[in-house]
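In what follows, a structure is listed as structure tokens, so that the remarks can point back to it.
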Amino acid sequence: MDSILVTESKSKNKVFKDKALGVGTFIGGPLVAGYFFAENFKAINEPEKVTKTWVITILATIAIFSIAFMIPLDSKFPNQLIPIIYTGVAYALFKNFQEKKIQEKIESGAEYHSWGRVIGVSILSLLITVAVMAIGIFTMIEIEESQLTTKQYGLTVKHEIEYNSSDFTETEINRIADGFIEHAFFDLDTAKYVYAEKESNSYILYIGISELYANDPETLDEFKSLRDKMNNYITEKTVIIKLVVDALDNVVKIID
């Protein structure tokens with residue numbers, strides 16, 4: 001019993017310094033910052049601030065990763081800027097709310113937590129964060145896949161348009177199909193598959209093409225002509241055609 005009390009006493013007499021906060025937050029994310037702040041508040045006898053610290057930490061974590069998820073994969077926004085920003089904010093908060101009292105605590109005989117604990121907590125937080133993000137990503141993928149809808153057009157040759165039902169109305173998809181039928185892309189010879197996306201004022205239409213024709217000038221001119229005809233037919237949106245080979249993420253030409 002005495003040994004337990006001694007261990008708790010030693011733990012309460014240790015604090016996290018500014019460098020530990022900066023390194024830990026950058027490695028392990030905002031959860032580490034919340035943990036370090038909470039432990040420091042306990043050590044400097046301000047336990048009433050611990051709950052508030054965790055509430056702010058959780059809300060900030062949700063906000064940070066929500067923003068990160070909204071950044072497009074092809075965006076030029078540098079990913080490393082996000083951890084730099086929240087690490088800088090955590091460091092500034094430490095300087096403003098804890099630095100002076102932490103220094104007083106050290107001068108009264110307290111010690112800093114070891115770097116081993118700092119790194120250990122940071123790595124554990126990183127693993128938890130990655131796991132939560134992975135669950136979130138897989139959940140989003142499952143939701144998106146559950147909303148995928150395919151419509152077929154044609155009596156004999158079955159052309160298909162696949163789309164996310166949360167983005168398009170059936171009227172919009174039918175309008176795209178009517179444009180393809182009007183301009184003979186949906187013909188009576190070969191079944192065509194199109195994947196449709198909507199981005200602000202654009203319809204992005206993914207159309208499969210053989211790799212042999214990906215750089216064929218005549219083929220590309222035909223798709224440019226189709227793009228122009230679709231733009232004239234669908235005046236409410238700009239039509240962009242992305243030619244793909246084998247998979248939707250293997251875009252070989254963008255006709256915009």
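Restricting to region 65-97, what's the tally of residues that are among the β-branched types (Val, Ile, Thr) and touching a Phe, Trp or Tyr at 6+ places or on another chain (Cβ under 6 Å)?
2
Could you tell me which numbered condition Ile137 fails, if it satisfies all but one of (1) surrounded by 16 or more Cβ atoms within 10 Å (Cβ to Cβ); (2) under 19 Å from the mean Cα position of the chain (by Cα)?
In the conditions (1) surrounded by 16 or more Cβ atoms within 10 Å (Cβ to Cβ); (2) under 19 Å from the mean Cα position of the chain (by Cα), Ile137 misses (1) alone.
Of everything in region 78-121 that's hydroxyl-bearing (Ser, Thr, Tyr), surrounded by 11 or more Cβ atoms within 10 Å (Cβ to Cβ) and farther than 12 Å from Asn40 by Cβ, which residue is farthest from the chain's Cα centre (by Cα)?
Among them, the one singled out is Ser114.
Would you mention how many residues in region 1-19 are at pLDDT 95 or above and among the small types (Gly, Ala, Ser)?
0
The values are calculated or read from the model by the stated rules, or taken from the named source; none is laboratory data. Fair warning: this is a prediction, and the values are worked out from it, not measured in the lab. Cβ atoms come from the backbone with ideal geometry, glycine included; neighbour counts cover every protein chain shown.
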